[in-house]
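A.B. asks: Here it is, the structure, as structure tokens.
Rule-based calculations on the coordinates, nothing more; no lab input. In this text the structure is predicted, and so the values were computed from the model without any measurement. We place every Cβ from the backbone using ideal geometry, glycine too, and count neighbours over all the protein chains shown.
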Amino acid sequence: MTEIGNAVSEVILELARRDNASLEALQPEQHLIRDLGLDSLDITELVVTIEMRLKLNPFSSGLSIDDFPTVGSFCDAYRRTGTA
């Protein structure tokens, strides 16, 4: 995984562990809401935290969080933004 992908995954894991402390690793196919239990406030915190750390925001171009429901697709959105 790229540096951007690793950073995004790290933030997702931090937030997901609030509700599931035993969670050890993420899988690309895990759904942010259904599988990891993130809610709308968690997703907002996730986007803001990543934007602050990486200075990237793929959603500023009109994309929706609904377009990236899984760990893998969410990381890909940031990777694409970081290489554009």
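A.B. asks: Would you check which residues across the stretch 1-54 are of a type in the set (S, T, Y) and under 12 Å from the mean Cα position of the chain (by Cα) and list them?
C.D. replies: Residues satisfying the conditions are S9, T44, T49.
A.B. asks: Kindly indicate whether T81 is within 13 Å of V8 (Cβ to Cβ) and of a type outside the set (G, A, S).
C.D. replies: Yes: the conditions hold for T81.
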